[in-house]
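Colleague: Structure in structure tokens, see below.
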Amino acid sequence: MYSIDSIGQILRPKQIVLVSKDSVITDLVYDSRKVAHAEGSLFFALKALRDGHRFVKDAYEKGVRSFIISEDDFPVHNFPEANFVWVADVWQALQQLAAHVRQQFEKPVIGITGSNGKTVVKEWLTQLLAGDKKVYQSPKSYNSQLGVALSLWNLSDDYDYAIIEAGISMPEEMAHLETMIKPDIGIFTNIGLAHAGGFASKVAKIEEKVKLFAGSHTVIYPSKYGFAPYLPPAITSFTFGDTADDSLQVEVLDEEARNQQSVLLLHYKGNTEKVRIPFSDKASQENILICISTLLSLGYTLTDVIQRVGRLRPLEMRLQLLNGKNNCSIIDDSYSNDLASLQIALDFLHQQQQHDKKTLVLSEMEGMNAKLDEKLFKLLDGQSLYRIILVGPALANLQQQLKQPVLYYAETEALIQDLDKLAFSQESILIKGSRTFHLEDLSQLLADKSHETVLEINLQSLAHNLQQYRSLLPTGVKLMTMVKAFSYGSGSFEVANLLQFNKVDYLTVAFADEGVELRQNGIELPIMVLSPDEQVFDSLVRYKLEPEIYNFRILNAFIAFLRRKSIAHYPIHLKMDTGMHRLGFLPNEVSSLVAVLDAVAEVQVKSVFSHLAASGDPTQDEFTQLQVDRLNQASAQLKDALGYPFMRHIANTSAIARHPAIYMDMVRLGIGLYGVDMDHKEGLDLEPVSVLKTTITQIKTLDVGETVGYDRRGVITRKSRIATVKIGYADGYNRHFGNGVGKMMIRGQEVATIGSICMDMCMLDVTDIVANEEDEVLVFPDLQQAAQSIGTIPYELLVSISSRVKRVYFYG
Ligand SMILES: *Cc1c(COP(=O)(O)O)cnc(C)c1O
């Protein structure tokens, strides 16, 4: 336990003003929206995309009383009850504190880095060691400068090992992570192209990553990546590979993969044994071998390790949002349970606006003791939850302490038997449990699940992309996000909840119906409706939706409608046609527009805007400027006449990336939010948001001369293996992808279509790869390339994915 006073001493600050120096700090916070226990929180005013000093007031109002700040002239007198610690650099202070906590931990710390697989290796290692050791792991993918610091804060001597992930995206970052983590044992999973962005070359990236191991005694890695020359000279390498090489500790003599399983023949210290693992893809094999090597290097015997691996189960690693029965939403996070990941999941639960009732189902955590009890109580106390359902004997006491309605079950089976009585309905239900409690059985019973073609949407990547664009905007410029066309194919209220939580200023939909759906699911942001017609005026007003007004017909009709309803000053958005020539008032109509608007009180102009025809095309920049000039002229004329302020906006995604001078009062972010990088702007690092997946239904071997599909278009010219997959043009997989044009991916291997695309299915030539029935298939491994191959653009492919394709949401 640290008091604010002792933290002050650790940080050696410039100045310190303590009102209550014995205040015990339990939580480190950096986001005023995420304050869970104000009393024990220490707020770090970090300078990131936004300056944390601006949110001190908000945090103070929520009850936070301890702050780390760096601004000399910060008006601390406005916060008379708070402790303030001034440091030169708040980031450094956070990391210093994390490093201090780490130094108190005397057991081994394992640090993991690499381009992929870090989280999987961390989770598996934890599972493999769980039999006889207590393992502390950094939660989910908390691997950044901030995530690592927050992870280390919860480390305590209750654990036998700590496993911490370190992720970097830019040069110079690893040194900071190293000073915090100081791993005794290092793991370097692999090196790939991920986040190549800030690095000059692969070697530069390797050299940066190995800085994590500066003080380690051992490092574990697959030998094939050739990391040896870059490692610190005194370090011991523990490597594996399939070559007969003296430097290897573990030799992979043979490997066989089939039916989602593989069998590896391993040679270690004179022993040869077979290990069966429940995966068949190369990446999982490599990740398991890293885990095996790590346990061997810790002194476990090969026989023991192999037994442990046999008990591993494939992980659904991510928090998943599912549609449930009885109009419930299920948040399934039932594979791991610790305080930090519970906090993340609760945050996600509170983002959900579609139901007022929010329920938590929580199992016991690994290694419950008095201290953890106390922390868990603090985390749950005061959360506004409709009900809490606790599972596991170690939580029996908690039941008495909590003020919310609490139900208690000793085991999952008892809870499941009580399902009828619990009568879940119209609720958002967070299911959070550790593996031994198998709460996934509960989510399976509550969720509508199916194994069809699905579009997986990662809401965390969406939030990431939002921040990327936001970082380009100067303060004061508002952000409107486009959720039209079912959020470019990726869903409606699920996406809007996230945008509302992240405080965008406006949402835009194409049709009133879409806006109504958002309102019915609890979205309260202002919503603009593009091109509404007369039939929907009623729902516009009823659901507080703001129309785009694009000509006199619609303007006059709307004014007449409002007059009949005796409504005044209803917000509208005037669309100017400055060159796109789609919808909007032409420049020569502005005087007449002024005349109409001047004479009525029914409407109030909220904004005047226009849409760019070619903002992504450098050869059209002059035309873009012409459009901007026309909008400026029109809005100046309107401003003079109306005599009240309104916003102006014109920039879409490409303009945000390419034309900072035309942000005006607000920008309208569309395709970029969904992770499609049209502009390849330096420094803008987007993550893909949606992944379309299907499965192999059948595989058959065909002889020369046979044909595949309608009209016999797929001709077999060599003995071939042909896989039928469950996606066709009715799902939005365009017929132009037939006959080899479409490329899909199975276990990391690219394959092409053969024959014509059918309505519900199509066929792939899998002759040259390893593939089995029921394997997962990525439909668009490269969306831009796919769009190009049939002469369209990514927008069309995304919005064409038909509504019968189930959307599945993940966070993380
Ligand atoms: C769709 C749309 C946008 C967003 O365009 P992107 O190219 O996806 O960023 C902006 N404004 C209007 C009026 C739109 O219809």
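Derivation of every value follows stated rules applied to the coordinates shown; laboratory data play no part. Predicted model, so just to flag it, every value in this text is computed and none were measured. Note that we place each Cβ from the backbone using ideal geometry, even for glycine, and neighbour counts take in every protein chain shown.
Colleague: Distance from the Cα centre of segment 336-415 to that of segment 604-674, in angstrom?
Modeller: If you average the Cα positions of each part, the centres end up 48 Å apart.
Colleague: Using +1 on the beta carbon of Lys and Arg, -1 on that of Asp and Glu, and nothing else charged, what's the dipole of segment 2-92 about the Cα centre, debye to 20?
Modeller: 160
Colleague: Hey, what does the equivalent ellipsoid look like for segment 105-309, semi-axes from the Cα gyration tensor as sqrt of 5 times each eigenvalue, largest first, whole Å?
Modeller: 26, 20, 16
Colleague: Sorted by average packing, counted as other Cβ atoms within 10 angstrom per residue and highest first, what order do 73-79, 572-578 take?
Modeller: Top to bottom by mean Cβ count within 10 Å: 572-578, 73-79.
Colleague: Report the antiparallel proportion of the DSSP beta bridges in segment 317-410 as a percent, rounded to a multiple of 5.
Modeller: Counting only bridges with both partners in segment 317-410, antiparallel ones make up about 30 percent.
Colleague: Given K484/K575; K182/K211; K21/K182; K47/K182; K375/K503; K107/K209, which pairs have Cα atoms separated by over 19 Å?
Modeller: Violating the 19 Å limit, Cα to Cα: K21/K182; K47/K182; K375/K503; K107/K209.
Colleague: If you build the Cα gyration tensor of segment 405-497 and take the root of 5 times each eigenvalue, what three semi-axes come out, in whole angstrom, biggest first?
Modeller: In descending order, the three semi-axes are 37, 17, 14 Å.
Colleague: Across the Cα atoms of segment 305-358, what radius of gyration and what greatest pairwise Cα-Cα distance (Dmax) are found, in Å?
Modeller: Just the Cα atoms of segment 305-358 yield Rg and Dmax of 14.8, 48 Å.
Colleague: Could you check how many percent of all C-alpha pairs in the chain are farther apart than 38 Å?
Modeller: For the chain, the share of Cα pairs beyond 38 Å comes to 49 percent.
Colleague: Now, a different point. Could you work out the helix-only [θ] at 222 nm for the chain, with each DSSP H run of four or more residues adding -39,500 (n - 2.57) and the total divided by the number of residues, to the nearest 500 deg cm²/dmol?
Modeller: Computed ellipticity for the chain at 222 nm equals -8500 deg cm²/dmol.
Colleague: Using the Cα atoms of segment 465-590 to build a convex hull, what is its mean projected area in square nanometres?
Modeller: Its Cα hull, projected and averaged over all orientations, spans 9.0 nm².
Colleague: For P794, what is the net charge nearby, where nearby means another residue's Cβ is under 13 Å from its Cβ and Lys, Arg count +1, Asp, Glu -1?
Modeller: Value of the local net charge: -4.
Colleague: Another question, if that's okay. Please give the per residue volume of the convex hull enclosing the alpha carbon atoms of segment 59-171, rounded to a whole number of Å³.
Modeller: Taking the convex hull of the Cα positions in segment 59-171, it is 141 Å³ per residue.
Colleague: Something else about it: What is the sum of charges, Lys and Arg at +1 and Asp and Glu at -1, for the other residues whose Cβ falls under 14 Å from the Cβ of V605?
Modeller: Residues close to V605 contribute a combined charge of -2.
Colleague: Rounded to the nearest Å, what's the spacing between the alpha carbon centres of segment 454-514 and segment 226-242? Just the number, please.
Modeller: Answer, in whole Å: 45.
Colleague: When the dipole is taken about the Cα centre of the chain, and only Lys, Arg (+1) and Asp, Glu (-1) are charged at their Cβ, what size is it in debye, to the nearest 20?
Modeller: The calculated dipole for the chain is roughly 840 debye.
Colleague: Considering all alpha-carbon pairs of segment 729-777, what whole percent are spaced by more than 19 angstrom?
Modeller: Tail of the P(r) past 19 Å holds 22 percent of the pairs.
Colleague: Moving on to the next point. For segment 690-811, what number results from the quotient of the Cα radius of gyration and 2.2 N^0.38 Å?
Modeller: Normalised Cα radius of gyration, segment 690-811: 1.02.
Colleague: A follow-up question, please. Name the residue farthest towards the positive end of the dipole of the chain from the options S247, Y488, Y335, assuming +1 on Cβ of Lys and Arg, -1 on Cβ of Asp and Glu, about the Cα centre.
Modeller: Among S247, Y488, Y335, the one farthest towards the positive end of the dipole of the chain is Y488.
Colleague: Which percent, to the nearest 5, of DSSP beta bridges fully inside the chain are antiparallel?
Modeller: Around 40 percent of the beta bridges assigned by DSSP in the chain are antiparallel ones.
Colleague: Lys/Arg Cβ at +1, Asp/Glu Cβ at -1, dipole of the chain taken about the Cα centre: which of P660, F558, I650 is farthest positive-ward?
Modeller: F558
Colleague: Also: Could you state the orientation-averaged shadow area of the convex hull built on the Cα atoms of segment 260-390, in nm² to one decimal?
Modeller: 10.9
Colleague: K575: net charge of surrounding residues, Cβ under 15 Å, Lys/Arg +1, Asp/Glu -1, itself excluded?
Modeller: Counting the neighbours of K575, the net charge comes to +2.
Colleague: How big is D, in µm² s⁻¹, for segment 638-748 by Stokes-Einstein at 10 °C and 1.306 mPa s if Rh is the Kirkwood radius over C-alpha pairs?
Modeller: Result for D is 83 µm²/s.
Colleague: Now for a different question. Which whole-percent values make up P(r) of segment 22-83 when all C-alpha to C-alpha distances are grouped in 10 Å steps starting at zero?
Modeller: Going from the shortest bin to the longest, the percentages are 25, 59, 16, 0.
Colleague: OK, next. Going highest first, how would you order 771-781, 456-466 by mean Cβ packing within 10 Å?
Modeller: So the peptides 771-781, 456-466, ranked by packing, come out 456-466, 771-781.
Colleague: Quick one: which of 326-338, 225-237 comes out on top by average Cβ neighbours within 10 Å, and what's the full order, highest first?
Modeller: In descending order of packing, they fall as 326-338, 225-237.
Colleague: Which residue, chosen from T303, P171, I185, occupies the Cα position most advanced towards the positive end of the dipole of the chain, where the dipole is computed from +1 (Lys, Arg) and -1 (Asp, Glu) charges on Cβ about the Cα centre?
Modeller: The residue sitting most towards the positive pole is P171.
Colleague: Roughly speaking, what is the centre-to-centre gap between segment 561-575 and segment 44-118 when only Cα atoms are used, to the nearest Å?
Modeller: Measuring centre to centre over Cα atoms gives 48 Å.
Colleague: Could you work out Rg/(2.2 N^0.38 Å) for segment 473-674, with Rg from alpha carbons only?
Modeller: 0.99
Colleague: So, one more: For segment 2-92, what proportion of DSSP beta bridges, expressed in % and rounded to the nearest 5, is antiparallel?
Modeller: Just about 40 percent of them are antiparallel.
Colleague: Quick check on segment 319-449: what are the equivalent-ellipsoid semi-axes from the Cα gyration tensor, as sqrt(5λ), descending, whole Å?
Modeller: Gyration-tensor ellipsoid for segment 319-449: 21, 16, 14 Å.
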